[in-house]
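Each value in this text was obtained by applying a stated rule to the coordinates, not by laboratory testing. None of the values given here were measured: they were computed from a predicted structure. Quick reminder, even Gly has a Cβ in these numbers, built from the backbone with ideal geometry, and neighbours come from all protein chains shown.
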Amino acid sequence: MPSIISDYNYWIYILLMMIGLYAMLAKNNLVKKVIGMSIFQTAIIIFYVSISAKEHATIPIIAHHGAAEAAIDVAHYANPLPHVLMLTAIVVSVGTLGVALALCLGIYRRYNSLEEDEIQEQLQ
Amino acid sequence: MSFAEQAPVLLVIIPLLSALLVNMVGLINRRYCLPVAVTGILGSLTASVITLIRVMENGVISYRLGGWPPPFGIEYVIDHLNGLVLVTISFVSLLAVIFSKESIKKELPEKIPQFYTLFVLLVTGLLGMTVTGDAFNLYVLLEISALTGYALIAMGDNRALVASFNYIILGTIGASFYLLGVGHLYIMTGSLNMGDLLTILPRLYTLNVVFIALLLILTGTWIKMAFFPMHGWLPNAYTYAPSAAGCLVAPLVTKVSVYIMIRIMLSVFSPLYVYNIAGLSETIVWMAVIAILSGSILALAQTDFKKMLTYLIVAEVGYMVGGAWLASSAGLTGAILHIVNDALMTLCLFIFAGIVIYKRGGHQLQDLAGLYKKMPVTMAAFTVGALSMIGVPPTAGFFSKWYLILGAIDAGRYHFMAALLFSSLVNAILFFRVIEIAYFEPKIDHHGGETENIVVDEAPLSMLVPLIIVALSLIVIGLYSGDIVTNIIQHSVPQGL
């Protein structure tokens with residue numbers, strides 16, 4: 001039990017990931033699949049962001065130019081690297097979302113439906 | 001600041017900038033798109049060849065982007081393994097872009113600038129994935145090449161949109177698993193640089209989280225390379241893609257994913273960890289056996305020529321994954337050699353399929369009837385590709401299969417050897433069936449009468465030349481495969497596994 005409470009961020013990301021995965025694989029509507037994909041990617045972004053979150057943390061800066069002893073102690077700042085990485089991952093996931101929605105639009109124009117089974121019927 | 005010194009970064013930057021330029025000149029006149037794209041890819045081929053030669057002379061090259069030292073900045077690392085893959089990628093994409101000239105004019109006349117922009121961006125992504133020494137940078141480039149791939153495939157005929165949609169869903173799951181695996185490694189080590197990870201990880205080998213990270217990364221790359229149970233997206237996506245896009249995507253994307261798997265195995269985790277501590281070798285070789293068998297059997301069931309080729313790709317991925325996990329030097333050598341050979345063989349067969357679509361308007365097996373008399377040169381080149389797929393010496397396909405079989409014997413995994421032989425047999429049946437249709441059955445005339453005077457009607461030169469070059473290169477690489485192994489591949493394969 002203690003691990004569930006102290007590591008709750010991991011449980012949340014796993015829960016979100018499973019919701020996204022379920023939507024992507026089990027839903028019939030293409031837009032719902034795309035929403036699932038977005039939840040899935042967001043879960044991983046939350047995972048990265050949460051690993052460097054810290055209570056009462058500050059930003060990693062050197063207060064006085066060049067003086068090493070004036071730098072903020074490592075224990076007091078939040079590691080900015082995962083957050084910066086996730087800026088890139090957000091850009092990637094927005095790109096993926098855009099391409100997926102464009103495909104949905106194209107599919108709707110051609111088959112006049114967004115339901116997977118109806119499209120499969122027309123493809124037969 | 002010579003060209004040779006900057007070549008590792010130029011081989012990514014040249015196609016990246018030319019993708020931008022293709023888009024801009026496309027606004028002025030769409031006839032300029034192809035020359036710009038060819039120039040860009042030619043530039044990266046030159047840079048890749050120079051880089052490979054420098055690696056062979058002086059050993060591993062480390063290029064620091066912006067001058068930042070490795071664990072902090074992004075580093076490009078080129079050793080013998082990815083030097084070879086880089087040359088393969090740029091060579092294959094050069095031939096594919098030349099082939100695309102007539103095919104695109106016929107299939108997508110109104111989308112020429114968009115097509116070439118995406119085409120060159122995809123090449124950029126693949127080259128970047130291969131050259132980078134940073135695990136997160138690899139993820140970004142993986143997604144760049146995947147996104148352009150989805151869009152290229154979606155430009156195809158009727159069913160391409162749905163196929164591309166399925167690909168985007170599965171491809172995103174794959175890339176996300178990879179990212180998650182890298183995240184687990186980052187939590188444990190605080191580093192994203194592959195060389196740095198290799199030195200930090202040995203202290204953590206006993207931890208479960210390292211094992212989970214390996215599993216996540218492997219699953220991610222397997223989805224991207226269509227390793228058997230995760231192959232669902234591949235056949236439709238590659239079949240219904242425009243033929244020029246198929247010529248780029250089918251030979252390269254799966255092969256680069258295999259390269260990434262090998263790179264992660266050797267340069268992030270070590271051979272000691274992946275083969276001995278993780279204890280996955282036996283399971284994965286069995287999975288590869290199942291992949292080879294199912295890919296071959298599913299290929300037998302197809303009546304569509306292009307779809308048959310896509311199932312053969314699924315089987316070939318099984319060859320490479322199995323070879324890499326045999327835990328023997330010969331097996332790994334075979335897997336690496338097969339990355340090069342399979343890229344060329346697949347290119348040869350897909351260019352041929354593209355020519356058939358151009359001439360006959362379809363890609364069913366029946367569309368091939370009577371082709372030997374109408375297009376003798378095309379069919380000769382196709383026959384070389386088919387023989388290489390079967391594994392007949394002296395074509396390239398024989399030698400990589402030979403190393404894989406040696407590796408299977410070394411490692412005592414006879415079921416893998418049996419699967420390889422079975423797959424060669426199936427390939428022989430498949431391609432002789434194709435050759436029989438193309439050789440003997442004349443195209444049935446609708447008027448009922450026999451058409452006596454068959455006119456030789458070859459494909460346009462811009463399609464024929466890449467096909468002939470790739471067919472010749474299959475023979476040349478076959479003849480020189482001993483040299484390639486001793487001078488290039490041996491340096492990347494850890495000895496004494």
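Across the alpha-carbon set of the protein assembly as shown, the Rg to Rh ratio works out to 0.98, Rh being the Kirkwood radius.
Scanning chain B for chymotrypsin sites (Phe, Trp or Tyr not before Pro) lying in DSSP loops with no more than 14 further Cβ atoms inside 10 Å, the longest uninterrupted stretch between such sites is B:73-439.
What is the average number of partner chain Cβ atoms found within 10 Å of a Cβ in A:33-45?
Mean partner shielding for this stretch: 3.
Against the main long axis of the alpha-carbon atoms of chain B, helix B:376-390 sits at an angle near 40°. The phi torsions of the range B:289-301, fed into the Karplus equation with coefficients 6.51, -1.76 and 1.60 and a -60° offset, translate into couplings of 4, 4, 4, 5, 5, 5, x, 5, 5, 5, 5, 4, 7 Hz, rounded to whole numbers, with Gly and Pro shown as x.
Local charge for A:Pro82 was computed over the other residues whose Cβ lies under 15 Å away, with Lys and Arg +1 and Asp and Glu -1, and equals 0. Take the Cα of B:Arg433, go 7 Å toward its beta carbon, and the backbone nitrogen atoms of the range B:266-306 under 14 Å from that spot belong to B:295-306. The long axis of helix B:243-267 is offset from the longest Cα principal axis of chain B by roughly 20 degrees. Of the residues B:Phe352, B:Leu406, B:Ser329, the one whose Cα sits farthest toward the positive end of the charge dipole of the range B:283-497, with +1 on the Cβ of Lys and Arg and -1 on the Cβ of Asp and Glu, is B:Ser329.
Among the residues of A:94-103, the average count of other protein chain beta-carbon atoms within 10 Å of the residue beta-carbon is 5. Checking the table B:Lys101/B:Lys359; B:Lys224/B:Lys307; B:Lys106/B:Lys306; A:Lys27/B:Lys307 against a 21 Å threshold on Cα-Cα, which pairs fail? In this structure, A:Lys27/B:Lys307 exceed 21 Å between Cα atoms. Helix content alone sets the calculated 222 nm mean residue ellipticity of chain B: runs of n ≥ 4 DSSP H residues at -39500 (n - 2.57) each, divided across all residues, give -25000 deg cm²/dmol. Ranking B:Ser296, B:Ala146, B:Met320 by Cα position along the charge dipole of the protein assembly as shown, where only Lys, Arg, Asp and Glu carry charges on their C-beta atoms, puts B:Ala146 farthest toward the positive end. Less than 5 angstrom separates the built amide H of A:Tyr77 from those of A:Thr58, all sequence-distant by 5 or more or on a different chain. Here the dipole of the protein assembly as shown is about 540 debye; that uses its Cα centre as origin and unit charges on the Cβ of Lys and Arg (positive) and Asp and Glu (negative). Under 20 Å of direct C-alpha separation, and excluding same-chain neighbours fewer than eight residues apart, B:Lys401 reaches these lysines: B:Lys255. Rounded to whole Å, give me the distance from the Cα center of the range B:207-242 to that of the range B:374-388. Between the Cα centres of the range B:207-242 and the range B:374-388 lies a distance of 32 Å. Against chain B, whose longest principal axis comes from its Cα atoms, helix B:135-154 is set at around 20 degrees.
Within the set of other residues whose C-beta is less than 13 Å from the C-beta of B:Thr303, count the net charge using Lys and Arg as +1 and Asp and Glu as -1.
For residues surrounding B:Thr303, the net value is +1.
How far is it, in nm, from the label point at A:Gln120 to the one at B:Met56 when both lie 7 Å from their Cα along the line to the Cβ? About 5.2 nm separates the two model spin labels. Using a 10 Å Cβ count of at most 16 others and DSSP loop calls, identify the longest part of chain B lacking such GluC sites (Glu not before Pro). That gives B:1-449 as the longest site-free run.
One decimal place: the segment B:Gln366-B:Gln6 gains 124.5 nm when fully extended, by the rule 0.36 nm per residue minus the C-alpha distance. Counted by neighbouring Cβ atoms within 10 Å, the residues B:His80, B:His231, A:His76 run from fewest to most as A:His76, B:His80, B:His231. Assuming charge only on the beta carbon of Lys and Arg (+1) and of Asp and Glu (-1), the dipole of the range B:283-497 about its Cα centre is about 300 debye to the nearest 20.
With a 10 Å cut-off around each Cβ of A:82-90, the average count of Cβ atoms from other chains is 3.
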